[in-house]
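Working notes for the structure below.
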Ligand code: G6P
């Protein structure tokens, strides 16, 4: 059933819309009121807690999912997290130690660079953890332990439902590692509550489909699209831009809003569309000031904000606004990426490109 399109025109469209279900299966049996139960990690939890550093390693969308997880993994575990694009780690032969935990994130579990980085980390004696969608994959066989994301088979070359399930699995991993810390218990409880209501909020945000189609038609002839995010949603900016470039074949860059003044601001004019992610979290007031600075340079803005927050973000009449449901701040990236997935999908269809098999790309890159 999973490998049929059903009533959808494309696999990517189907996979975007099945996220309330895929997230439910990701969490099934793992989420309890008292905490999370992750059988795949049980025996290594003590070693994980003692690690000096967590290194997230992946490519493409899987790397972006790990980046989305970084802030809450640091917060809930107190362990420093560093990020590695697999090919770059190999190019640099970056240092990895026995006291490190290396977490490999890969939908297919077969990406060549990620697997080579795994060999490298195993040689260095790090504890190697896999986060993958593919039972029996090389990644799941060769890591010391790990968690399957159980998102169901993903066919579209552009990863969508695997991304949100990867973030949720990493949230559960962070909750499991941090579960011995009394001081963060209320925070953990609120994240667990947030996780259980996430699928229904995802169903809600999917109702933006028609609005995103309309937005896509207004961007169809743009040459480029910037996406500004920060904090929990820096990854959302990178992943949203990646979706647009890989399927809609439009130049798009995700940018750290904190770096705006160090270059990107020079690009701003009346024509270049810029999506600014300004949902509620501790970076909200900084994002409001970014919006003001972009508006004062006549930027063409599309603002993503929390529902009912239009007046608080203070856009001018010329801005477009995407309102999304507000969830626990660290889970907001799961919600915020969905309108951008829909936007990339509709842009691709309207521009007449192949949605499920984008030019020059492969679902799984098994050669270096
Ligand atoms: C390819 C795919 C992407 C994917 C990346 C990593 O580039 O087109 O959608 O994110 O590989 O794949 P993985 O299976 O390791 O997550």
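Read-outs throughout are calculated quantities, based only on the coordinates presented, and are distinct from any laboratory measurement. All values reported here derive from a predicted model rather than from experimental measurement. Backbone-built Cβ (ideal geometry, glycine too); neighbour counts: all protein chains shown.
Over all directions, what mean area does the Cα convex hull of segment 143-249 project, stated in square nanometres?
Numbers: hull surface 37.3 nm².
Average projection, Cα convex hull of segment 143-249: 9.3 nm².
Based on the Kirkwood radius over alpha-carbon pairs, what value in µm²/s does the Stokes-Einstein equation return for the translational diffusion coefficient of segment 290-332 at 4 °C and 1.567 mPa s?
Values: Rh = 11.1 Å.
My calculation gives 117 µm²/s for D.
Can you give me the angle between helix 234-248 and the longest principal axis of the chain, using Cα atoms only, in degrees from 0 to 90, rounded to the nearest 10? Helix 234-248 sits roughly 70 degrees off the main axis of the chain. A simple packing score, the average count of other Cβ atoms within 10 Å per residue, orders the peptides 154-166, 43-55 as 154-166, 43-55, with the highest score first. Extending 7 Å from Cα along the Cβ direction at residue 196 and again at residue 82 yields two label points whose distance is 3.9 nm. In the P(r) worked out for segment 177-326, what percent of Cα pairs fall beyond 22 Å? Here the long-distance tail beyond 22 Å is 44 percent of all Cα pairs in segment 177-326. Protection proxy ranking of 8-18, 325-335, 302-312, by the mean of other Cβ atoms within 10 Å over each peptide's residues and highest first, is 325-335, 8-18, 302-312. Between residue 181 and residue 289, full extension at 0.36 nm per residue minus the direct alpha carbon distance yields a gain of 35.3 nm.
Of all DSSP beta bridges located in the chain, what percent are antiparallel, nearest 5?
Working: 2 of 42 bridges.
The answer is about 5 percent antiparallel.
Normalise the Debye intensity by I(0) for segment 70-128, one equal point scatterer per Cα, no solvent, then take log10 at q = 0.30 Å⁻¹ and round to two decimals. The Debye formula, applied to the Cα set alone, gives -1.29. The calculated FRET efficiency for residue 261 paired with residue 75, based on their beta-carbon distance and R0 = 22 Å, is about 0.25.
Put simply, the Cα atoms of segment 35-161 extend 39, 38, 26 Å along their principal axes, the longest span coming first.
Give the calculated FRET efficiency between residue 119 and residue 269 to the nearest 0.05, with a Förster radius of 41 Å applied to their Cβ-Cβ distance. Present the calculation step by step, with values, prior to reporting the outcome.
Details: r = 47 Å, r/R0 = 1.16.
The formula returns an efficiency of 0.30 here.
If the chain linking residue 144 and residue 33 were pulled fully straight, counting 0.36 nm for each residue of separation and taking away their Cα-Cα distance, it would gain 37.2 nm.
Under the simplified labelling scheme, the residue 53-residue 368 pair shows an inter-label distance of 2.2 nm, with each label point 7 Å from Cα along Cα→Cβ. For the chain, the alpha carbon positions stretch 56, 44, 41 Å along the principal axes, listed from largest to smallest. Ordering of 106-118, 132-144 by packing is 106-118, 132-144, highest average first (other Cβ atoms within 10 Å, averaged per residue).
Segment residue 359..residue 8, full-extension length gain: 124.2 nm, with 0.36 nm per residue of separation and the alpha-carbon distance subtracted. For segment 252-361, the Cα-based Rg and Dmax, in that order, read 14.9, 43 Å.
Roughly how many whole Å is it from the C-alpha centroid of segment 239-306 to that of segment 112-152? Here the answer is 34 Å between Cα centres.
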